[in-house]
Amino acid sequence: MKKNIVIFFCLILASQGCGLEDPLEKREIKFVNKSNGTVYGIDSRTDSLNNRYSQLDSSGREELFKTPKDSAILIRDKPNNWDNYIFYSKDGKMRFFVISKDSVDKYGWKKIMNQNIYTKVYRVDITDLNKLKWVIIYNGK
């Protein structure tokens, strides 16, 4: 009986990683909007917008990604480890999509996600982010 209890607790600890997982990621990507209007920024591991955020409703997406002109946001929904997130992205590069508010107003989030409608995409790896000092600046071009 005691042996079964010990095995049970070992299984629980193993399933939770025994606290040996990577510490939470401290690096943050800052997205700066220097364009003439409000935009939205969404990260992805692939060339598709239809990613982990596709299930959010419109208000959820707006809250996460809305960046008014002449302002900046930190990517709030960051992975536990940017190195792994980017390494396992397509071609070892994360995509950062910029979507204009005009497009959101015209097409709506569902069509944007399903048809991959965006204004600009940045493809970056860790080296690129280090060179950029973890700041992506969108100037509207």
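No lab work stands behind these numbers, since they all come straight from the coordinates. Keep in mind the model is a prediction, meaning the values are calculated, not measured. Every residue, glycine among them, receives a Cβ derived from its backbone with ideal geometry; neighbour counts consider all protein chains shown.
Worth a mention:
- If you sort the three axes of the alpha carbon gyration tensor as a ≥ b ≥ c, you get a/c of 1.5 or more for region 89-141 and a/b no higher than b/c, which makes it oblate.
- Annotation: for a label point projected 7 angstrom from Cα along Cα→Cβ of residue 32, residues of region 112-141 with backbone N closer than 13 Å are 132-140.
- If you look at the Cα atoms of region 24-138, you get an Rg and a Dmax of 13.3, 38 Å.
- Listed residue pairs exceeding 26 Å between alpha carbons, taken from 111/133; 34/106; 34/93: 111/133
- For region 24-138, size of Cβ-based charge dipole, Lys and Arg +1, Asp and Glu -1, in debye: 160 debye
- Net charge over other residues, Cβ less than 12 angstrom from the Cβ of residue 138 (K, R count +1; D, E count -1): +4
- Between residue 78 and residue 105, the simple label model (points 7 Å from Cα in the Cβ direction) yields a spacing of 3.2 nm.
- Proxy reagent accessibility, fewest Cβ within 10 Å first, across 45, 95, 123: 123, 45, 95
- Cut-off 12 Å between beta-carbons: net charge of the residues surrounding residue 90, Lys and Arg +1, Asp and Glu -1: +1
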